[in-house]
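Input: a single structure, listed below in structure tokens.
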Ligand SMILES: NC(=O)c1ccc[n+]([C@@H]2O[C@H](COP(=O)([O-])OP(=O)(O)OC[C@H]3O[C@@H](n4cnc5c(N)ncnc54)[C@H](OP(=O)(O)O)[C@@H]3O)[C@@H](O)[C@H]2O)c1
């Protein structure tokens, strides 16, 4: 089968198509014929060797997948061959087939196609799990609100009945208000810490010095949820967050999508052969929503 491989850490140019063996599902696993995958910052960070995922090149990236169940490993009863599914995998989705652990997959929402479904797993699971404690009437500040995680977090927070504040460039403000944001802060024009106050939860998708600056807008019993690594670690309100690949989260997300409470924004769709270009766009940090990569021979 074809896959996008890299044989060394480096820039987008290290990504190249190559013929590799089709993987086989082991116990508890599912072989998925890939329809599409989407780009997450983790893809280019691993590609460049910036974060260790306990893997060295040669490797195949891709942490989100949508597609059709092609083969079931021993002990998998939740799915049947031919089912349309989506989910997170531990790499390898930039290929014609990928093996997923069955417990990390869910049935594709009925009202969206496989291209849209590929945009959801990591970003929506992150937003869902990170905002688990958010309640009605609370004030939440979402940094990078227009990005892959942020635009879904805004919608989820609004649906929970929270007061939603987001940071974004002015060009994204109308878009974010359309998703339900109550206030938007142009972080390029003002310090967000002077524009927001009395926040219960900050979802920090930027990190670095955004950490200590976010502490200034938090209530005394607020929580700073950091997905990135920041300078706020010593504060008792600080929590480092790591998304868990979980079909259970995706089943909640499926329900939200099917009921019309959650819509994923696709910035653009590219063929998987243009993965390097997709990495360049993601790395530039201006993507609104998600970039989806469509596999070579996607199932219907
Ligand atoms: N720990 C975990 O488990 C976990 C899981 C998922 C993601 N993450 C991390 O979370 C971060 C966000 O992920 P993502 O997929 O949402 O990224 P993304 O889609 O690439 O984010 C792009 C968005 O970031 C915004 N942005 C860039 N610089 C900003 C700034 N200084 N302030 C506010 N907004 C800014 C841009 O909006 P504007 O054009 O409006 O600036 C753009 O829309 C990444 O670093 C990722 O690695 C961590």
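Please treat every number below as a calculation from the coordinates, not as lab data. None of the values given here were measured: they were computed from a predicted structure. Here the Cβ is made from the backbone with ideal geometry for all residues, glycine too, and neighbour counts use every protein chain on show.
Round to the nearest 10 and give me the degree value, 0 to 90, for the angle of helix 148-159's Cα axis relative to the longest principal axis of the chain.
Helix 148-159 sits at roughly 60 degrees to that axis.
Pick from 260, 222, 26: which residue has the top mean-square fluctuation in a GNM of the chain where Cα pairs under 10 Å get a spring?
Among 260, 222, 26, the largest mean-square fluctuation in the Gaussian network model of the chain belongs to 260.
With the cut-off at 1.5 for a/c, could you classify the range 119-232 from its C-alpha gyration tensor as rounded, prolate or oblate?
Cα axes put the range 119-232 in the rounded bin.
Please determine, in degrees from 0 to 90 and to the nearest 10, the orientation of helix 247-258 with respect to the longest principal axis defined by the Cα atoms of the chain, where the helix direction is its Cα long axis.
So the helix axis and the longest Cα principal axis differ by about 70 degrees.
Could you tell me which of rounded, prolate or oblate describes the range 43-136, using a ≥ b ≥ c as the square roots of the eigenvalues of the alpha-carbon gyration tensor, with rounded for a/c under 1.5 and, failing that, prolate when a/b is larger than b/c and oblate otherwise?
The shape class here is oblate.
Tell me, what are the semi-axes, in whole angstrom and largest first, of the equivalent ellipsoid of the range 1-105 as set by the roots of 5 times the Cα gyration tensor eigenvalues?
Each semi-axis is √(5λ); the values are 25, 13, 12 Å.
At a threshold of 8 angstrom on Cα-Cα distance, excluding pairs fewer than six apart, so keeping six or more, what relative contact order does the chain reach in percent?
Rounded, it is 20 percent for the chain.
Normalised by the residues of the range 39-198, what does the relative contact order come to in percent, with Cα pairs under 8 Å and at least six apart?
Reported as a whole number, the value is 15 percent.
As a test of understanding, state the convex hull volume per residue of the range 1-41 from its alpha carbons, in Å³.
Enclosed volume per residue, from the Cα hull, is 124 Å³.
Say R0 is 30 Å: what FRET efficiency, to the nearest 0.05, do residue 297 and residue 182 get from their beta-carbon distance?
In this case the efficiency is close to 0.10.
Rounded to the nearest Å, what's the spacing between the alpha carbon centres of the range 141-155 and the range 266-300? Just the number, please.
The range 141-155 and the range 266-300 have Cα centres separated by 19 Å.
Rounded to the nearest 500, what is the chain's calculated 222 nm mean residue ellipticity when only DSSP H runs of at least 4 contribute -39500 (n - 2.57) each, over all residues?
Result for the chain, helices only: -6500 deg cm²/dmol.
Give the angle, between 0 and 90 degrees and rounded to the nearest 10, that separates the Cα long axis of helix 121-130 from the longest principal axis of the Cα atoms of the chain.
40
Please say if the range 23-74 is rounded, prolate or oblate, where rounded means a/c under 1.5 for a ≥ b ≥ c the square roots of the C-alpha gyration tensor eigenvalues, and otherwise the choice is prolate for a/b larger than b/c and oblate otherwise?
The shape class here is oblate.
Using just the C-alpha positions of the range 161-300 as equal point scatterers, what log10 of I(q)/I(0) does the Debye formula give at each q in 0.09 1/Å?
Here the Debye-derived log intensity ratios amount to -0.36.
Over what distance in Å are the Cα centres of the range 234-252 and the range 84-137 separated?
14
At 37 °C and 0.692 mPa s, grab the translational diffusion coefficient of the chain from Stokes-Einstein with a Kirkwood Rh over Cα pairs, rounded to a whole number in µm² per second.
Calculated translational D: 169 µm²/s.
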